[in-house]
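Take a look at the structure set out below.
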Amino acid sequence: MSTARLEEVRRAFVAELEQAGTSADGVEKVRVKFAGQRSGKLKELAEALRALPNDQKRDYGRALNELKQEIESRLAEAKQAAVTEIRVKDPGTANAKGHAPTVAVGRPVDVTLPGLPVARGAEHPVHIVRRRIEEIFLRMGYDVEAGPEVEDDWHNFEALNIPPDHPARDDQDTFYLADGHLLRTHTSPVQARVMESRQPPIRIVVPGRVFRRDSDLRHSPMFHQIEGLLVDEGITFGHLKATLEAFLHELFSDRVAVRLRPGYFPFTEPSAEVDISCIFCAQKGCGVCSGSGWIEILGSGMVDPRVFEAVGIDAGRYTGFAFGLGLDRVAMLVYGIPDLRQLFAGDQRLTRQFA
Ligand code: DAH
């Protein structure tokens, strides 16, 4: 055993530590092999000291000491730099925004670093309103239904007692598709679809997107409605009024007054427009209610017997009521949003306020 052997061990140590790089596991293996208490190379070299002739002990001892110090300090350094390593094999798919995965294949990951911040979304105000209204009607025993946004003329118009030459078609500037289908102009066609497919008792609400060729401060080519329909034996206008009052009190406040005015819809007879007392000025008159003290909130009425006839429900046995309201309008009212189009601009400065 000689100082040459020490140099040999030193070189092996340096090479192996180099190879371990920043792998914590690798560095630990090198430590055990060279500086391990029980069977490390250093221990072996120290035991060899005793067997040396006396005149070599001093040089060997000094060199061994230096080697020991070097190994210990290099190990300490390597340990500092080492990370717990995860080799990422699968880069995964890009996230929803199309951003590339944040970790490159095969790159070591320092799992002790703080993670990327989690981006928290917010519920859209229209969705909040929709959910609240659904909850109110679910508690009253209604089901939530849906229907297609691309509709046919029958369900959007004809079955609802709006024949081709009916002036009500002019109110609803319709987007027509080349094949004769159309984008539904209201959620009412789902009434017809549900009544065609099942017999009373029927109690449904239908939220959804609707489309009209219209765009200004208060109109957007796409907006949201929720439709309600109840059909059973013995349903009267009294049920309609009580249901809508209960609904509007729950949605806005017990303190709002509810007013029914005569209205006209082809699919209901009689029909009523429903107002609530202005929630902004306590009916003193303000910009929101145009000085009237009332805010028009929904359309409603008793299902016209001609609609029952069209969808195959016995109008002699059953009666029912229906109503429809704009979700966007309610969201604008409740949250004081002045321009309808802001709801659909996708600007996070708006939606963040609802987080
Ligand atoms: N469909 C009507 C509209 O878009 C709203 C409506 C009024 C729906 C009266 C109804 C109803 O079910 O009974 O303006």
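General remarks:
- Computed from backbone phi with θ = phi - 60° and the Karplus coefficients 6.51, -1.76 and 1.60, the 3J(HN,Hα) list for the stretch 120-132 is 9, x, 10, 6, 5, x, 5, 5, 4, 5, 4, 5, 4 Hz; x is used for glycine and proline.
- Of the GluC sites (Glu not before Pro) found in the stretch 211-262, the ones in coil according to DSSP and having at most 13 other Cβ atoms within 10 Å of their Cβ are Glu233.
- 12 Å beta-carbon shell around His181, net charge (K/R +1, D/E -1): -4
- Taking label positions 7 Å along the Cα-Cβ direction at both Ile279 and Ala51, the computed distance is 9.3 nm, reported to one decimal.
- Selection among Ile162, Phe175, Leu138 by position relative to the dipole of the stretch 132-203 gives Leu138 as farthest towards the positive end (Cβ unit charges, Cα centre).
- In the chain, the calculated helix contribution to ellipticity at 222 nm averages -11500 deg cm²/dmol per residue, counting -39,500 (n - 2.57) for every DSSP H run with n ≥ 4.
- Based on Cα contacts under 8 Å between residues 6+ apart, the chain shows a relative contact order of 14 percent.
- Rounded, prolate or oblate (a/c below 1.5 giving rounded, otherwise prolate when a/b exceeds b/c) for the stretch 3-84 by Cα gyration tensor: prolate
- Magnitude of the charge dipole, the chain, Cβ model with Lys/Arg +1 and Asp/Glu -1, debye to 20: 2440
- Inter-label distance for Asp170 and Asp216, nm, one decimal - labels placed 7 Å from Cα along Cα-to-Cβ: 1.7
- Largest GNM mean-square fluctuation across Pro117, Pro200, Pro163, computed for the chain with C-alpha springs under 10 Å, falls on Pro117.
- For the stretch 319-350, chymotrypsin sites (Phe, Trp or Tyr not before Pro) are listed when DSSP marks them as loop and at most 16 other Cβ atoms sit within 10 Å of their Cβ; the list is empty.
- Whether the stretch 140-256 is rounded, prolate or oblate, judged on the alpha carbon gyration tensor where a/c under 1.5 counts as rounded: oblate
- Ranking of His155, His166 by neighbouring Cβ atoms within 10 Å, starting from the fewest: His166, His155.
- Shape category assigned to the stretch 125-354 from the gyration tensor of Cα positions, a/c cut at 1.5: oblate
- Cα long-axis angle, helix 237-251 against the chain (0 to 90 degrees, to the nearest 10): 30
- Max mean-square fluctuation residue, GNM over the chain, Cα-Cα springs under 10 Å, options Arg31, Arg139, Arg212: Arg31
- Against the main long axis of the alpha-carbon atoms of the chain, helix 54-81 sits at an angle near 10°.
Every read-out reported here was derived from the displayed coordinates using simple, explicitly stated rules and does not represent laboratory data. Please read all numbers here as calculations on a predicted model, not as lab measurements. For neighbour counting, all protein chains shown are included, and Cβ atoms are generated from backbone atoms with ideal geometry for every residue, glycine included.
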